[in-house]
Every structure is written in structure tokens, then in C-alpha cells.
1. Within the range 310-318, is there a residue that is in contact with a strand residue (DSSP E or B) (Cβ under 9 Å, 6 or more places away or on another chain), surrounded by fewer than 20 Cβ atoms within 10 Å (Cβ to Cβ), in a loop (DSSP other than H, G, I, E, B) and at pLDDT below 95?
2. Hey, among the residues in the range 227-247 that are more than 12 Å from the chain's Cα centre (by Cα) and in a loop (DSSP other than H, G, I, E, B), which one's surrounded by the fewest Cβ atoms within 10 Å (Cβ to Cβ)?
3. Is it the case that residue 157 is assigned by TED's automatic domain parsing to the domain that holds residue 195, out of contact with any helix residue (DSSP H, G or I) (no Cβ under 7 Å at 6 or more places or on another chain) and more than 24 Å from residue 10 (Cα to Cα)?
4. Of these, 259, 212, which one is in contact with a helix residue (DSSP H, G or I) (Cβ under 9 Å, 6 or more places away or on another chain), buried (at least 19 other Cβ atoms within 10 Å of the Cβ) and in the same structural domain as residue 352 (by TED's automatic domain parsing)?
5. So which residues in the range 271-307 are assigned to a helix (DSSP H, G or I) and over 27 Å from the mean Cα position of the chain (by Cα)?
6. Please note which strands (runs of 3 or more DSSP E) are completely contained in the range 24-96 and include at least 1 residues that are farther than 15 Å from residue 118 by Cβ, touching a strand residue (DSSP E or B) at 6+ places or on another chain (Cβ under 7 Å) and modelled with pLDDT of 90 or more.
7. Taking residue 374, is it modelled with pLDDT under 95 and in contact with a helix residue (DSSP H, G or I) (Cβ under 9 Å, 6 or more places away or on another chain)?
8. Might you check whether a residue that is under 28 Å from the mean Cα position of the chain (by Cα), under 30 Å from residue 130 (Cβ atoms) and surrounded by fewer than 12 Cβ atoms within 10 Å (Cβ to Cβ) occurs anywhere in the range 2-12?
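The values are calculated or read from the model by the stated rules, or taken from the named source; none is laboratory data. None of these values were measured; they are calculated from a predicted model. Neighbour counts run over all protein chains shown; Cβ positions are idealised from the backbone, glycine included.
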């Protein structure tokens, strides 16, 4: 006869130096109490687990995602303890609750975790998170370069120097900046320092891209990256960022879930018989949303398989080559027609780009599901021959038409 273990729900409010701990006993009427505060070191966490009776008792732990990352979650899972990392923005909170402390937060997490009211985020594999950090470092370097360029242009503008040519930061522009004669030695020093900063950022970006290409060879998600590079607008940087940020695509059972994760779905405020939609929610992963918007701009041009795209498609693994090419071509035709119709209706450029990014995410979901193996090692069944993306769009159009008819009545 199997003896059921006593279940305890632990809510942790994790900080860099300490962790506030609260315990909720199983059952609807179980007690919820504060345990105390411990050091944030893993050794202190292990001592806590032993005091609470692990492995004699079943512990279910949760803490909010934050700057401390997933180290604690991976440590607990290695110990055989269930641990959920909670999305802070989706944690239920009362509008009248104006007191916030570590003890209260830990107790609230324990109680809501027992009730099943919390939403867990995806905990990436250590290798995948390392690649993701590398991709984010490259994005940070691009931001630093943009900031340095803006500071340099602002400095010259304050002193009455304007570059009159159309394109900036090319060979001609850099030659102009290096040959510029300034009236005071201090101004020349400032100019040289800014130029050195811009050059250093360029070199940093180049180094990081070289590392990304070299590490891709040993990454288990390389087939997915190559398949994504078969899409128009996706080269190695955009493809690696997309794959590393999405992680396990099988956690999204439907493309709409990925769209919501990207914050590309419209906000809504409906009550009674009225239905009002607003701008996109912009929740979720902003970095990934930016990549989709940037790549979606390429689909405003007529469908075409260029020489560069053909070269990238030749690198697709043979097992998925035909299916991926078919999805890529459908994507080009679908998004081009979508962008053309929206532009003809007078939609702004920003709205067209957002709509294309939303549709593009559905095709990316389809190709990643077709190529990415599941967690158990089995291969997902390819859906390339089924026009799922078009069916989803048609369903949304019918729903919109039906709502419009009801509104007229």
C-alpha cells in the first residue's frame, strides 16, 4: 500500500541577499504562515529543505521571475522538487491592497500557488539560456553603438556642423568626421573620444556575431535556426535571436498563444453588448516582438526567392527541406497580400508592420513545430501541407464580419 506524502506549498520572495519563505499546508483550510528569512545561497536553501522534511514530505515551490534568474529553479529540480517560476505581471492582486512587504509577498505566493492561480514561465535549458545571453549581448552592443552615434551627432549639431549627404555612418561619412577641423583643441578631443566609442562598439558587434556563428555549429537547435533562415528577412542573427527567445515552441499549442506572448494581439475592453478593441497589448517578450516587426517589413515587397534566399534554403536539413520551403513561399504570398490590402485601405505604416509581424509569428510557429523535436525526443508531425495560418486568418475575418453585422442591427 502506497503511503501518500504530506504536501507543503512554499512561496519564496527571492532577492540578491536573502529569501523570504512562507508555507501553505495542503487543503482548502490549510494554514498559511511565514517561515522566516534565509540567505539566498544554495546551501541555505538546502538546509531549509531538510528542515521541512524533504524527501519525506512533498514540497512544491514557487517564486517570481526576476533578476536572480533560474539558478534556484534548476537547483530545486535537480533535488527532485517541483518548482515553478511565476510571471509577476500575471499574479492576481487586489486593487485595495496597498501594503507590500517581503513577508506578505511570500505568503501570497504560497496561498495562490496552492490554489493554482499562478502562471509559470518557461525555464530554458542552461545551453539555450547561454545562447540567449549571447544574442542579447549583441543587441546591447547595437544599442550602445546607436547611443554613441546619437551623442556624436548631437555634439556636432550643437556646434553648427551638419552632414548634408543622405546616408550616414558609411565610408564617406566616417571620412568626413575624421577630416573635420574644429576650432578648439577640447572639441577635437571630444570628437575623437566619440569616434573611438563608435569604433569600439562596431568591433564588439563583429566579435559577438563571430561567436554566434561558431557556437551555432554545436547547438542542438541548429536545424531550427537553418529552417528559420529559409524565411525572407531572416539571417543568422535574427534566426538565432528568435529561436533562443522562444525556446520550446511546443508550449504554444496554438499560434494565437505565441501572438499573445509577443504582445501583438489587440487590447480589448468589452462589457455587455459592446466590444471595443484598442492598440496591441505590448506584453510579454519585447525583444522578440521587435525582431518580428523588423523581419516583417521585408514582406511588403512582392514575393521573390532571391539568390541569397536560395543559398540559405539549400542549407536546410533534407528531412524538412520541402516542407520548410513550402511554408516559406506561402508566408511570402500571404503577408504580401495582407500588407497590400491594408495599405490600400489607408492604414498607417506602423499598423501594417504590426499586422505583418503578427501573421509572420504564425508561420514561424508552424515551421518551428515541424522541425523542433518534442521534449520526449519524438519528432512533431509536420503541418506544412495544411494551410493552418490561412484558416486562422479566415476564422478571424468571419468573426469580425459577424460582429460588424450585429453592431449594424
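1. Looking for residues that are in contact with a strand residue (DSSP E or B) (Cβ under 9 Å, 6 or more places away or on another chain), surrounded by fewer than 20 Cβ atoms within 10 Å (Cβ to Cβ), in a loop (DSSP other than H, G, I, E, B) and at pLDDT below 95, one finds none in the range 310-318, hence no.
2. 235
3. Spelling it out, residue 157 is indeed assigned by TED's automatic domain parsing to the domain that holds residue 195, out of contact with any helix residue (DSSP H, G or I) (no Cβ under 7 Å at 6 or more places or on another chain) and more than 24 Å from residue 10 (Cα to Cα).
4. Values: 212 fails: in the same structural domain as residue 352 (by TED's automatic domain parsing).
The conditions single out 259.
5. Result: 307, single match.
6. Answer list for the range 24-96: 32-39, 58-64.
7. Taking the combined requirement at face value, the residue satisfies it.
8. no
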